[in-house]
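Peer 1: My questions all concern the structure below.
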Amino acid sequence: MGLFSFGKRKQKTALAGRTSGGSRGRSSGSGGYVSVNDFGGSRTTMPKFTMGGGGVGGSLPKKVQSDLGLDERTLQSATIEDLMDILADAHGDVSYAIWNFMRLGNTKYNIKVYKPMGDGTEDETMKKVVTDFFDMLEIPDPTRFSMNRSIEKVLGQMIFAVVTRGAAAGELVMGAGNTEVAFIAPVDPGTITFRYEGDRYVPYQDDDKISLDLPTFFYEGLDERIDDPYGRGPLVSAINMIMFQLQVLNDIKAVVHNQGYPRFDIKILEEVLLRRMPIGVRNNEEESQKWLNGRLNEIIEMYQNLDPDDTFVHYDSIEVGMAGGGSGGGALIDPQKLMTVLDNMLMTGLKTLSTILGRRSTGNTESFAKIEIKLYIQGVRAIQRVVERLMGRMLTAMLNLGGKQGIVKFQFEEIEIRTEMEQAQFNQIHLLNVALMRNEGWIDQNEAAMRAVGHAPVGESLLLPQAPTNADGGTPQGQTDTNASARGGTTEDS
C-alpha cells in the first residue's frame, strides 16, 4: 500500500505488534505501530540530559524552577548554552526577545515537491506522501503515554534552537526494518561537535563518543563563517551586557535599600553618659569603655525591638533624627541614565529593536518604527531560512529512504503584521496597478493574471469597453450630416 498506510485495524491486532517500551510509528503496508523508543533503539542521537551516562533512570527537573533558583556563582560557572537556557526563563528582556522571535517566526508553511531533473512542475503524489507523514505525527499512541511530535511543535523547537544556539539539527528516526521514518527528532545543536576527517566535517555527540556520520542526521547553521560548520547564535553577544546589567541592578538594589528609604539616626550624647558613669568605673579606662559599650548595646536593643507604631520615650541623653530617603546629598551617578545606556546595548545584543521591546521613545516617529519592524522581520526571515533548509533536506531524505524520488521545498509563509483592513487596501492598490498595465498594453492578460492571482486566467475579461469621453468628462453627442454632396448622403449626386 505504499510508504504510509492508514487502513483501519482492530485494536487487538494493533496491540499485538507492540513491545514494552515502544513508541508510536508505522509498519509499512499495515497502518499499525512499530517499536521505536523515544531516546534509544533506532535513534542514534542522544538528548542532552542522558549524556555522560546520567538521567536515563531518573526524573527530569522542572527547568523553570531550577533556573529561577540561580545565583551569581551559578551564572558565572554555566556554559554559554546553559546560560542562554537560564536567561530565556529568568531574564525579562531575553525571554521577551525569544518570545517575539518564536511568535513571528513560526508561521504557516508551504510544501512543494519536484521530480529531480524534471520540468519544474509539482508532483502532487509525492506531496501527499509528505502531508500524510505530517498527519501521522498527530496520531497518539493508543497503548501508553506519548509526547506530542507534531510538525508544528518540531518547527517551534527548531526555531527556538536557531535563536538560542544559532543552528538547528534533527534526526530521522527509522521504524522497524529501517524502511520508513517513524518521526523527526529535534537535536540540541549545542551538543554537536564537528571534527575534520577525510576532507570533510563529521558530527559527533557526547564528548565525541557517538559518531553521527549518518544519512539520517542533519545540521544547519545560521550565518556560518567560512570553513566553520557551527552557526552563530544571534543572542550570544548580549550575554556580557546582561551579566553587567545584573551586577548594576544588584548595586542599585543595595543603594536603594541603604539610601532610598528614611532611617532613624540615633545620637547618644557621650558627655551625658560620662557624667552618669559610676565613680569606681570612671577612673578605669578598660572598665569605662566596657560600661559605655554596655549602655550603647542597651539602646540599640531597645530601638530594634520597637514596633513601627510605638512611641519613642527616652532620656535627654539620646537625640532621634532621620537619615536617608533623599535627605542627604546627591548621587555620584544617575542610575536612570546608566540603565538607559545598558538598555540600548541590550537591544542591540538581542537583535530586537526598541519598538519590538515596547520601549519606543517619544522622539521616534511612526515611520522610524515601521523601518525598525521591517529590519526586525528580515532578521526573523533569516532564522526561518535555516529551518527551511533543514526541513527541505530532511523531507527529501525521507522520500528517498522510502524509495521515492523527489526534492522537497519547504517554505514559511510571509510574515504579516498588518491588519486585515490594511492588507485589503494594499491588495486593492496592487490589483488596480496590474489592471492599469494591462489596459495600457504594457502586459497581456496572462501576465496580468499571474501578477494578480498567481495563475493563468480562468476566463475572458468581463470588463465592458469603456465609452469615450470628451474634455469635460461627459459623453460626446452625435451630429447629423446635412451636406447633400457628402458621400453617403440621401440626395442625388450633382
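The values are calculated or read from the model by the stated rules, or taken from the named source; none is laboratory data. All of these numbers come straight from a predicted model, not from anything done at the bench. Heads up, the Cβs are rebuilt from the backbone with ideal geometry, glycines too, and the neighbour counts pull from every protein chain shown. Quick note on the areas: whole protein, heavy atoms, side chains included, nothing else; ligands and nucleic acids left out. Shrake-Rupley method; radii C 1.70, N 1.55, O 1.52, S 1.80 Å.
Peer 1: Just to be sure before I move on: is Asn240 of a type outside the set (Asp, Glu), within 28 Å of Gly92 (Cβ to Cβ), modelled with pLDDT of 80 or more and open to solvent by 40 Å² or more (accessible area, probe 1.4 Å) in the structure I sent?
Peer 2: The answer is yes for Asn240.
Peer 1: Then there is this: Could you grab the pairs with beta carbons closer than 6 Å, sequence gap of 6+ or different chains, first residue in region 379-398 and among the basic types (Lys, Arg), second one modelled with pLDDT of 95 or more?
Peer 2: Sorted first by the residue in region 379-398, then by its partner, the pairs are Arg389/Glu220; Arg393/Phe218.
Peer 1: Can you list the strands (runs of 3 or more DSSP E) lying wholly within region 106-218 that have 1 or more residues being hydrophobic (A, V, I, L, M, F, W, C) and either open to solvent by 70 Å² or more (accessible area, probe 1.4 Å) or touching a helix residue (DSSP H, G or I) at 6+ places or on another chain (Cβ under 7 Å) (or both)?
Peer 2: In region 106-218, the matching strands (runs of 3 or more DSSP E) lie at 109-114, 167-174, 181-187.
Peer 1: Next up: Considering only residues that are of a type in the set (D, E, K, R), in a helix (DSSP H, G or I) and open to solvent by less than 100 Å² (accessible area, probe 1.4 Å), look in region 261-297 and name the one that is modelled with the lowest pLDDT.
Peer 2: Arg295
Peer 1: Checking Gly441 against (1) surrounded by fewer than 10 Cβ atoms within 10 Å (Cβ to Cβ); (2) touching a Ser or Thr at 6+ places or on another chain (Cβ under 6 Å): exactly one of these is not met. Which one?
Peer 2: The one condition Gly441 does not meet is (2).
Peer 1: Select from region 219-231 the residues that are open to solvent by 50 Å² or more (accessible area, probe 1.4 Å) and of a type outside the set (D, E, K, R) and write down the one among them that is nearest to Glu388 (Cα to Cα).
Peer 2: Tyr230
Peer 1: Can you tell me which residue in region 397-418 is surrounded by the most Cβ atoms within 10 Å (Cβ to Cβ), limited to those that are within 22 Å of the chain's Cα centre (by Cα) and more than 17 Å from Glu122 (Cα to Cα)?
Peer 2: So, considering only residues that are within 22 Å of the chain's Cα centre (by Cα) and more than 17 Å from Glu122 (Cα to Cα), the one surrounded by the most Cβ atoms within 10 Å (Cβ to Cβ) is Phe412.
Peer 1: Then there's this: Find all pairs meeting these conditions: Cβ atoms under 8 angstrom apart; at least six residues apart or on different chains; first residue within region 125-154 and more than 14 Å from Gly402 (Cβ to Cβ); second residue surrounded by 15 or more Cβ atoms within 10 Å (Cβ to Cβ) and among the acidic types (Asp, Glu).
Peer 2: Met147/Asp38
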